[in-house]
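> Let me give you the structure first, and then I'll get to my questions.
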Amino acid sequence: MALAAGHRPCAECRRERFNAFKNAWKRSEPDRADPLLAPEIDAELHRARIDSRGRNVTYQASLNSLPDGCFVQIDGSSYLVWDESLLLWSPQGYLKEDRRPAGLTVTVLTPEPIVECIRRGYQPEIHKSASTVVGRPSIRLLEV
């Protein structure tokens, strides 16, 4: 959920994850000479998740176009896009797995720069409750 809220991995306590995220981010700027710094990432993430009035920024996209690890909103509920499934999220964790419908346009909750990092190879970690609703071992679980 941290990625969906627009937060990158911590550069101090989760250095390996931060470096993986930063490397995916840098793939969009292959000719960049100067180092990419956390405050620069944070500033862009802030602009992509909160507008000038303090409201969350979302956008519309085809569900089929989104990579695994994005959060979307459908009929007022939040879902994680994973494989051919949608995992219903609640504050208690994931509740159920539904088949991903084809041809649906959804509200994307994950900020666009993070979606692009996922597309460029960053592999999000998923809350451990996903293992109770998904019958496949293809999920990288978040170690809490």
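> ASP75 versus LEU104, label points 7 Å from Cα toward the beta carbon: distance in nm?
Each label point is offset 7 Å from its Cα along the Cβ direction, giving 0.8 nm.
> For a quick check: with amide H placed at 1.01 Å from N, whose amide H comes under 5 Å from ILE74's, ignoring anything fewer than 5 positions away on the same chain?
TYR79
> How large is ³J(HN,Hα), in whole Hz, for each residue of region 95-104 in order, when computed from phi with the Karplus curve 6.51 cos²θ - 1.76 cosθ + 1.60 and θ = phi - 60°, using x for Gly and Pro?
Going residue by residue, I get 9, 7, 10, 10, 5, 6, x, 8, x, 9 Hz, with x marking Gly and Pro.
> If exposed trypsin sites (Lys or Arg not before Pro) are those in a DSSP loop with at most 16 other Cβ within 10 Å, what is the longest stretch of the chain that has none?
Answer from the scan: 56-119.
> Once amide H atoms are built 1.01 Å from N in the peptide plane, which residues 5 or more positions from SER85, or in another chain, come under 5 Å H to H?
Those lying under 5 Å, H to H, from SER85 are ARG100.
> While we're looking at this one, here's another question. How are the alpha carbon pair distances in region 1-124 distributed across 10 Å bins from zero to the largest one, expressed in percent?
Percent of pairs per bin, in order: 12, 43, 33, 11, 1.
> Just how large is the dipole of the chain about the Cα centre, in debye to the nearest 20, putting +1 at every Lys and Arg Cβ and -1 at every Asp and Glu Cβ?
On the way: 20 positive and 19 negative charges, 25 e Å.
Approximately 120 debye in magnitude.
> Work from the charge dipole of the chain (Cβ charges, +1 for Lys and Arg, -1 for Asp and Glu, about the Cα centre) and give the residue of PRO91, PRO39, SER52 farthest towards its positive end.
Final value for the positive-end residue is PRO91.
> Using a 1.4 Å probe over the heavy atoms of the protein chains, calculate the carbon and sulfur portion of the accessible area of region 1-103 as a whole percent.
Of all accessible area on region 1-103, carbon and sulfur atoms account for 48 percent.
> Right, something else. With a/c under 1.5 counting as rounded, go ahead and sort region 1-50 into rounded, prolate or oblate using the C-alpha gyration tensor (a ≥ b ≥ c being the square roots of the eigenvalues; past the cut-off, prolate if a/b is larger than b/c, else oblate). Write out the running numbers ahead of the final one.
On the way: a/c = 1.86, a/b = 1.24, b/c = 1.50.
Oblate, since a/c reaches 1.5 and b/c is not below a/b.
> Return the loop-located GluC sites (Glu not before Pro) in region 1-78 (DSSP other than H, G, I, E, B) with at most 14 other Cβ atoms within 10 Å of their own Cβ; answer none if there are none.
Sites meeting the loop and neighbour criteria: GLU12.
> Which of the listed residues, LEU80, LEU63, VAL115, is farthest toward the dipole's positive end in the chain, when Lys, Arg count +1 and Asp, Glu count -1 at the beta-carbon?
LEU80
The values are calculated or read from the model by the stated rules, or taken from the named source; none is laboratory data. Here the structure is a predicted model, which is why all the values come from computation and not from measurement. FYI the Cβ positions are ideal-geometry reconstructions off the backbone, even for glycines, and counts take in every protein chain you see. Each accessible area value is taken on the protein alone, full model and side chains, heavy atoms only, with ligands, DNA and RNA left out. Shrake-Rupley method; radii C 1.70, N 1.55, O 1.52, S 1.80 Å.
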